[in-house]
Amino acid sequence: MSPTPDPSALTVLLASPRGFCAGVDRAIQVVEACISKYGRPVYVRHEIVHNRFVVESLEAKGAIFVDELDQVPDGKPVVFSAHGVPKSVPAEADRRHLVSVDATCPLVTKVHNEAERHHRDGRHVVLIGHEGHPEVIGTLGQLPEGTMTLVETVADAERVEVPTPELLAYTTQTTLSVDETAEIVEVLKRRFPKIAGPRKEDICYATTNRQAAVKAIAPKADAVLVIGAPNSSNSRRLVEVALAAGCPKAKLLQRASELDWTWLDGVSRLGISAGASAPELLVEELIDTLRTRRRVEIENVTVAEEDVSFRLPRQLVA
């Protein structure tokens with residue numbers, strides 16, 4: 001006779017890589033280095049990354065987060081977030097003689113440079129991304145109005161009209177679903193055979209690796225929890241990836257304090273990951289919370305090793 005399963009036992013399938021990527025890590029270091037160099041306060045336009053825990057931690061160190069530059073007093077340093085900004089923003093900072101520091105992720109800057117290269121070559125640019133996301137606003141703001149068209153879905157790709165079908169290129173937001181983006185690109189290539197793509201994939205290595213790790217745990221899990229903010233594109237994509245990969249249920253969680261214990265009823269194998277802007281501390285916090293009611297065993301599932309790092313802006317290391 002087989003032993004009766006222990007209802008309190010919980011196997012945690014811990015996805016790796018998870019959490020902070022090199023761009024997020026660099027952006028946080030930029031703010032900290034600015035505070036160290038220029039003193040308190042340092043102003044930051046928009047959330048440096050999409051995570052309240054990170055934002056509040058930096059506020060405690062002397063950062064003040066604002067929506068626009070008109071909230072920054074004259075003579076004070078201002079940091080631009082990891083998502084990137086339209087060209088009009090640093091231009092306005094220069095006009096006001098503000099000390100500006102760009103914390104844009106280098107992989108987002110790569111997308112900006114690609115868009116500009118295509119524009120110089122006379123191509124109209126299709127940007128695959130989510131309307132209203134700060135990264136998309138920043139990328140659209142690299143080129144003159146009317147020279148870039150936003151496409152969000154496969155349906156958009158099927159019906160989009162462009163001014164120069166023979167001279168066309170596409171680029172993408174860095175935090176999209178790898179699979180959904182591939183479907184959109186396939187449609188664009190079918191409709192516009194001469195469309196030019198990026199020299200190297202625009203979706204960043206961290207987004208790709210975190211989605212691959214969730215795909216690896218999802219079919220083995222009864223449920224998946226993703227630590228991340230509701231306004232974090234890459235975190236929301238991880239939830240979608242988990243469901244698409246066969247997990248019965250998955251959801252986003254900002255902090256362990258939000259955990260709904262009834263949601264875990266009947267769950268004996270729980271997948272856990274974290275978006276690229278979520279610190280590992282929050283994953284540890286969740287696991288510690290689970291241990292207060294369940295007998296937790298950790299099973300690490302690793303699909304890639306990451307050793308990427310980005311240098312700080314030159315003005316902070318001189």
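List of remarks:
- Phi to ³J(HN,Hα) by Karplus 6.51 cos²θ - 1.76 cosθ + 1.60 over segment 157-169, Hz, x for Gly, Pro: 4, 5, 10, 4, 10, 10, x, 9, x, 7, 10, 9, 9
- Considering only G23, L69, A33, and ranking their Cα positions along the charge dipole of segment 22-105 that arises from unit charges at the beta-carbon of Lys, Arg, Asp and Glu, the one farthest toward the positive end is A33.
- Fewest-first ordering of V241, V12 by other beta carbons within 10 Å of each residue's beta carbon gives V12, V241.
- Between K76 and K200, the FRET efficiency from the beta-carbon distance, with R0 = 41 Å, is close to 0.65.
- Each Lys and Arg Cβ is given +1 and each Asp and Glu Cβ -1; about its Cα centre, segment 107-203 then shows a dipole of about 460 debye.
- Centroid-to-centroid separation of segment 60-106 and segment 165-208 [C-alpha atoms, Å]: 30 Å
- Label positions at T208 and R52, each projected 7 Å from the Cα along the C-beta direction, are separated by 3.4 nm.
- Annotation: lysines with alpha-carbon distance below 29 angstrom to K249 (same-chain offsets under eight excluded): K215, K220.
- Whether segment 107-203 is rounded, prolate or oblate, judged on the alpha carbon gyration tensor where a/c under 1.5 counts as rounded: rounded
- The charge dipole of segment 22-105, taken about the Cα centre with unit charges on the Cβ atoms of Lys, Arg (+1) and Asp, Glu (-1), comes to about 200 debye, rounded to the nearest 20.
- Considering only V99, Q173, H124, the residue lying farthest towards the positive end of the dipole of the chain is V99, judged by Cα position with unit charges set on Cβ.
- Based on Cα contacts under 8 Å between residues 6+ apart, segment 107-203 shows a relative contact order of 34 percent.
- Debye, to nearest 20: dipole size of the chain, +1 on Lys, Arg Cβ, -1 on Asp, Glu Cβ: 460 debye
- Most fluctuating residue given options A63, A115, A33, as computed from a GNM of the chain linking Cα atoms under 10 Å: A33
Values in this text are rule-based calculations from the coordinates and carry no lab data. Bear in mind that the values here come from a model prediction, so they are computed numbers and not experimental data. Neighbour counts are summed over all protein chains in view; Cβ atoms, including those assigned to glycine, are modelled from backbone coordinates with ideal geometry.
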